[in-house]
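Undergrad: Before anything else, here's the structure in question.
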Amino acid sequence: MSESLWSERQKSTWKTKVGLAEMLKGGVIMDVTNAQEAQIAEEAGAVAVMALERVPADIRSQGGVARMSDPAIIKAIQNAVSIPVMAKCRIGHFVEAQILEALGVDFIDESEVLTPADEFYHVDKHPFKVPFVCGCRDLGEALRRIGEGAAMIRTKGEAGTGNIVEAVRHMRTLMNDIRRIQSLPPEALMTAAKEMGAPYDLVVEVAKTGKLPVPNFSAGGVATPADAALMMQLGAETVFVGSGIFKSENPARLAKAIVEAVSHYKDPRILAEVSENLGAAMSGIDLRSLTENQRLALRGW
Amino acid sequence: MLALQGGFDPHLRALDRLGVPSCKVLYVQDLEGIDGLILPGGESTTIGKMLARFGFLEVIPQAVSRGLALFGTCAGMILLARQIRHYDQVHLGLLDIEVERNAYGPQVESFESSVRWRDGRTTPAVFIRAPIIRRLGPQVEVLAEQEGLPVLVRQDRILAASFHPELTSDLSVHRYFLELCGADSQETRRDSSSLQP
């Protein structure tokens, strides 16, 4: 890669931020709401946990404004495990992000699962020492977030539904966008950047490398080991599992099975083995039953 | 290249740049016919469980006694260490050191720096939630230090770094490991068919 790439020109901490995301590859990041769940996740082999007050399925059913978690919950989870602890701030809520950084969380998820605090702008993520992950539905949205300083991208899917269909849609859209950009002649890239609403330098980098400049993870709707392996085969480098684990009948067993499925996502024999006798997965929601207002993935600009 | 979880892609790119044939190791059978195995950074608890689950804990020490060279970075070093301070977790324990995990603090304390070899050369290094070596066994040689702490050590054909040489463009640590493996990166013909994407 040449020195002229956008990601080669970033500040020194860029390497430590993206570096941590690199180290999380091939793993499973699990939503947890207390120390006990965090220990179950670590014991199952999670590479990190996301500290939350309520999992997305409960946010969905209980309604109201969803905000950053109580720092006491985050601290209890940090004390309970040795793996990285992530936490969510609302879109555009840079003060929640400042608080999470002060708490020493290892990654901040500026997340559409919480109620957005700003309908125009996301957090300017460059000045923070802590790395950020943001959601996307296509390449333009991914590159806007990276331009703002996100060190990891996750496709959004539709959180709290236990339905993989949106995660697949977003991953396929992202990958198709990347392939399309790669096939364009150089003179077409500025227009492509304009059409996608993406920073030109990042469009040039993707056209050259054929991949995002940061790790690309998947989230929103994973409920089974097969779902997780599906996202990995479609191009995800790690899988976030939110409500799927602790809304299932046997969280410890399912969590372990999903970890093994992600590690050996191309091996159907192992996938078959780990999928046995897991008990009931979370029941899930048909996306067609949701109104536009209930779709979390539409949040973000 | 052990590829159960973690930052194995940057290591594969480094080996690729050195023109060395490499492959991903996902099953114990993949260890056959290789001269060296890299244990990447990642989550040591996760990788340790996978090593146990897929039968590596017995097979790797046997392969080492037959001459397999090992190189662990960050989590890989933790897995190689004989003792891990404060934690009771699955590990190989082949390298006579004691390590403390996340000893610099959480992610906001991660940093870029350089490490100094014994002969005074320096190599750029990225430290991410890095461990610190708290005890060195008598057979362990310190190859490089950072701020007075040992960060690159060797015992026979086992090499371990608390930092990430693979996240920089410098190839000197990988080159050193190839010497331990007995491979010559200049002479080895690149076999692109065995390289993973």
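The values are calculated or read from the model by the stated rules, or taken from the named source; none is laboratory data. The shown structure was predicted, so the numbers you read here are calculated from the model rather than taken from an experiment. Glycine gets a Cβ as well: all are built from the backbone with ideal geometry, and neighbour counts include every protein chain shown. Remember, those area values only see protein heavy atoms, side chains included, never the ligands or the DNA or RNA. Shrake-Rupley method; radii C 1.70, N 1.55, O 1.52, S 1.80 Å.
Undergrad: May I ask you to list the chymotrypsin sites (Phe, Trp or Tyr not before Pro) in segment A:81-187 that are in a DSSP loop and have at most 13 other Cβ atoms within 10 Å of their Cβ?
TA: Sites meeting the loop and neighbour criteria: A:Phe120, A:Tyr121.
Undergrad: Moving to a separate point now. Principal axis lengths of segment A:9-94 from Cα atoms, whole Å, largest first?
TA: Computed over segment A:9-94, the largest-to-smallest principal extents equal 44, 34, 23 Å.
Undergrad: If you don't mind, there's one more thing I want to ask. Heavy-atom accessible surface, probe 1.4 Å, ligands and DNA/RNA ignored: which residues of segment A:258-283 lose at least 50 Å² versus the isolated chain?
TA: At a threshold of 50 Å² (probe 1.4 Å), the residues of segment A:258-283 that become less exposed are A:Glu260, A:Ser263, A:His264.
Undergrad: When Cβ neighbours within 10 Å are restricted to other protein chains, what is their mean count per residue of peptide B:42-54?
TA: Across the residues of B:42-54, the mean count of other-chain Cβ atoms within 10 Å is 6.
Undergrad: If you average 1/r over every pair of different alpha-carbon atoms in segment A:34-136 and take one over that average, what Kirkwood value in Å do you get?
TA: One decimal place: 13.9 Å for the Kirkwood radius.
Undergrad: Let me ask something else. At 1.4 Å probe size, with no ligands or nucleic acids counted, give the accessible surface of A:Thr224 in Å², nearest ten.
TA: Accessible area, nearest 10 Å²: 40 Å².
Undergrad: With a 1.4 Å probe and all protein chains kept in place, how much accessible area does B:Ile133 have, in Å² rounded to the nearest 10?
TA: About 10 Å², rounded to the nearest 10.
Undergrad: Listed here are the pairs A:Lys125/A:Lys194; A:Lys25/A:Lys256; A:Lys211/A:Lys256; which of them are more than 18 Å apart at the Cα?
TA: A:Lys125/A:Lys194; A:Lys211/A:Lys256
Undergrad: On the protein heavy atoms, probe 1.4 angstrom, tell me the percent of accessible surface of chain A carried by carbon and sulfur.
TA: Looking at chain A in its full context, I get 50 percent from C and S.
Undergrad: What does the convex hull of the alpha-carbon atoms of segment A:108-236 project to on average, in nm²?
TA: Computing the convex hull of the Cα atoms and averaging its projections yields 8.1 nm².
Undergrad: Checking buried surface per residue: for segment A:60-109, which residues lose a minimum of 20 Å² accessible area in the protein assembly relative to the chain alone (1.4 Å probe)?
TA: Residues of segment A:60-109 that lose at least 20 Å² of accessible area once the other chains are added: A:Ser82, A:Ile83, A:Pro84, A:Gly104, A:Asp106.
Undergrad: Once neighbouring chains are kept in place and the probe is 1.4 Å, which whole percent of the accessible area of segment B:9-195 is contributed by carbon and sulfur?
TA: Answer for segment B:9-195 is 43 percent, counting heavy atoms of protein chains only.
Undergrad: Search the structure for amide H atoms under 5 Å from the amide H of A:Val241, placed 1.01 Å from N in the peptide plane, and list their residues when 5 or more places away or on another chain.
TA: The answer is A:Ile29, A:Met30, A:Asp31.
Undergrad: Turning to a different aspect of this structure: For the protein assembly as shown, what does the accessible surface come to per residue with a 1.4 Å probe? Please give it in Å².
TA: 40 Å²
Undergrad: If segment B:97-141 were replaced by its equivalent ellipsoid, with semi-axes equal to the square roots of 5 times the Cα gyration tensor eigenvalues, what would those be, largest first, whole Å?
TA: 20, 18, 5
Undergrad: Continuing with the same structure: Please state, to two decimals, what the Cα-based radius of gyration of the protein assembly as shown comes to when divided by 2.2 N^0.38 Å (N = residues).
TA: Expressed relative to 2.2 N^0.38 Å, the Cα Rg reads 0.94.
Undergrad: Could you tell me the accessible area of A:Arg67 in Å² (1.4 Å probe, neighbours in place), rounded to the nearest ten?
TA: Near enough 140 Å² of accessible area.
Undergrad: Kindly tabulate the residues in segment A:125-147 with an accessible-area decrease of at least 20 Å² between the chain alone and the assembly of all protein chains, using a probe of 1.4 Å.
TA: Residues of segment A:125-147 that lose at least 20 Å² of accessible area once the other chains are added: A:Lys129.
Undergrad: Loop sites only, by DSSP: take the GluC sites (Glu not before Pro) in chain A that have at most 11 other C-beta atoms within 10 Å and name the longest stretch containing none of them.
TA: A:120-248
Undergrad: Taking amide H positions as placed 1.01 Å from N in the peptide plane, with prolines and chain starts having none, which residues 5 or more places from B:Val115, or on another chain, fall under 5 Å of its amide H?
TA: B:Thr123, B:Ala125
Undergrad: Report, in whole Å, the centroid distance computed from the Cα atoms of segment B:73-125 and segment A:52-86.
TA: Their Cα centres are 30 Å away from one another.
Undergrad: With solvent modelled as a 1.4 Å probe, how much accessible area in total do chains B and A shield from it at their shared surface, in Å² to the nearest 100?
TA: For chain B against chain A, roughly 2800 Å² becomes buried.
Undergrad: What share of all Cα pairs of chain B, in percent, falls into each consecutive 5 Å distance bin?
TA: 1, 8, 17, 22, 22, 16, 9, 3, 0
Undergrad: When only the heavy atoms of the protein chains count and the probe is 1.4 Å, how do A:Ile40, A:Ile29 rank by accessible area, highest first?
TA: Largest to smallest exposure gives the sequence A:Ile40, A:Ile29.
Undergrad: Another question about this same structure. Could you identify which residue out of A:Lys125, A:Lys88, A:Lys266 has the top mean-square fluctuation in a GNM of chain A using Cα springs shorter than 10 Å?
TA: A:Lys266
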